[in-house]
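Novice: Dropping the structure in here first, questions after.
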Amino acid sequence: MSELSASVLSADLSDLAAECRRTRDCGVKMIHFDVMDGHFVPNISYGAPVLKCLKKAVPDMVYDVHLMISEPARYAPDFAKAGADYITFHYEAVPDAVDKTIAAIRETGCKVGLSINPGTDPQVIFPWLDKLDLVLVMGVNPGFGGQSFMPATPERIAAVKAECVRRGLSPRIEVDGGVNAQTGALCADAGADLLVMGSAFYGAKDPAALAETVRGL
Ligand code: DX5
Ligand code: ZN
């Protein structure tokens, strides 16, 4: 049983509220909101004011905020106030301030996620597994939608899952980047229970059927 988190980076950004309602009508409960600062990643997307409007327009969704930014602790309160439910930051952005950043997000009342890029050994985040609600394993280098899934991703998910099982921990394990029905099945088999889909979902002829497929994985 997996859940889909729809990455609106690939939606029609001129009509975001309608896109989120359409997403909800496909049986999807979670919106993945990608924040890029043009510094941690070579692209700029949108920030807390956009989330605030979206939350107001479509309040009955879970907002899964993925911060691909250099100073996550500094901006986390803005996203919490704007309506975030989960706030995920990157290990690579603040390798020496992971504890501080977890505490800053926790302080906002949001659920805390920690993400690793494809080039980062999953073991580096093991010391914090007991403090997390979510672990996000990237299937591509962050920054852009529509990239190809890196084949090593399922074994990286499996490594995180095995360590969680070994220690009796159960953070959600999310995968993001290049995920479609096929690659998503491999990730679900490896232990992911939350699949982010951007281009696969918003480009699908029948997104409701895709959401149904994901629920069955
Ligand atoms: C990539 C973002 C993803 C992106 C996924 O940096 O974090 O959430 O929108 O897009 P797809 O599913 O098209 O790879
Ligand atoms: Zn993302």
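Novice: Pairs only if they're at least six apart or on different chains, beta carbon under 7 angstrom, first in segment 1-28 and in a strand (DSSP E or B), second of a type in the set (Asp, Glu) and modelled with pLDDT of 95 or more; list them, first residue then second.
Specialist: The qualifying pairs are Glu3/Asp193; Ser5/Asp64; Ser5/Glu174; Ser7/Asp34.
Novice: Let me ask something additional. Looking only at segment 69-118, count every residue that is closer than 13 Å to Ala48 by Cα, under 14 Å from the mean Cα position of the chain (by Cα) and in contact (Cβ under 8 Å) with a residue 40 or more places away in the chain and tell me the total.
Specialist: 1
Novice: Moving on to the next point. How many residues does segment 19-54 contain that are open to solvent by 40 Å² or more (accessible area, probe 1.4 Å) and either within 13 Å of ligand 1 (Cβ to nearest atom) or closer than 17 Å to Glu71 by Cβ (or both)?
Specialist: So the first thing to find is which residues in segment 19-54 are open to solvent by 40 Å² or more (accessible area, probe 1.4 Å), and the list is 21-22, 24-25, 29, 37-40, 42-44, 49-50, 52-53.
Now narrow it down to the ones that are either within 13 Å of ligand 1 (Cβ to nearest atom) or closer than 17 Å to Glu71 by Cβ (or both): 37-40, 42-44.
Summing the residues that are open to solvent by 40 Å² or more (accessible area, probe 1.4 Å) and either within 13 Å of ligand 1 (Cβ to nearest atom) or closer than 17 Å to Glu71 by Cβ (or both) in segment 19-54 gives 7.
Novice: Out of all the residues in segment 1-18, which are open to solvent by less than 20 Å² (accessible area, probe 1.4 Å) and either farther than 23 Å from Ala192 by Cα or of a type in the set (Ser, Thr, Tyr) (or both)? Give the steps one after another, and end with the answer.
Specialist: If we filter segment 1-18 for residues that are open to solvent by less than 20 Å² (accessible area, probe 1.4 Å), which is where we start, we get 2, 4-8, 11.
Answer for segment 1-18, where residues must be open to solvent by less than 20 Å² (accessible area, probe 1.4 Å) and either farther than 23 Å from Ala192 by Cα or of a type in the set (Ser, Thr, Tyr) (or both): Ser2, Ser5, Ser7, Ala11.
Here's the yes/no breakdown for (1) within 14 Å of ligand 2 (Cβ to nearest atom); (2) assigned to a helix (DSSP H, G or I); (3) open to solvent by 20 Å² or more (accessible area, probe 1.4 Å); (4) touching a residue at least 60 places away in the same chain (Cβ under 8 Å):
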{"residue": "Ile157", "(1), (2), (3), (4)": "no, yes, no, no"}
{"residue": "Ala162", "(1), (2), (3), (4)": "no, yes, yes, no"}
{"residue": "Val175", "(1), (2), (3), (4)": "yes, no, no, no"}
{"residue": "Gly184", "(1), (2), (3), (4)": "no, yes, no, yes"}
{"residue": "Ala192", "(1), (2), (3), (4)": "yes, no, no, yes"}
{"residue": "Leu217", "(1), (2), (3), (4)": "no, no, yes, yes"}
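Novice: Is at least one residue of segment 137-153 within 14 Å of Phe89 (Cα to Cα), buried (at least 17 other Cβ atoms within 10 Å of the Cβ) and more than 12 Å from ligand 1 (Cβ to nearest atom)?
Specialist: no
Novice: Give segment 195-206 a look and list any residue that's within 19 Å of the chain's Cα centre (by Cα) and either open to solvent by 40 Å² or more (accessible area, probe 1.4 Å) or more than 12 Å from ligand 1 (Cβ to nearest atom) (or both), or say none.
Specialist: The first filter runs over segment 195-206 and keeps only residues within 19 Å of the chain's Cα centre (by Cα), leaving 195-203.
Scanning segment 195-206 gives Ser199, Gly203.
Novice: So, one more: Do you know which residues across segment 208-217 are over 19 Å from the mean Cα position of the chain (by Cα) and within 21 Å of Leu16 (Cβ to Cβ)?
Specialist: Matches in segment 208-217: Ala208 only.
The values are calculated or read from the model by the stated rules, or taken from the named source; none is laboratory data. The shown structure was predicted, so the numbers you read here are calculated from the model rather than taken from an experiment. Neighbour counts are summed over all protein chains in view; Cβ atoms, including those assigned to glycine, are modelled from backbone coordinates with ideal geometry. SASA here: full protein model, heavy atoms, side chains in, ligands and nucleic acids out. Shrake-Rupley method; radii C 1.70, N 1.55, O 1.52, S 1.80 Å.
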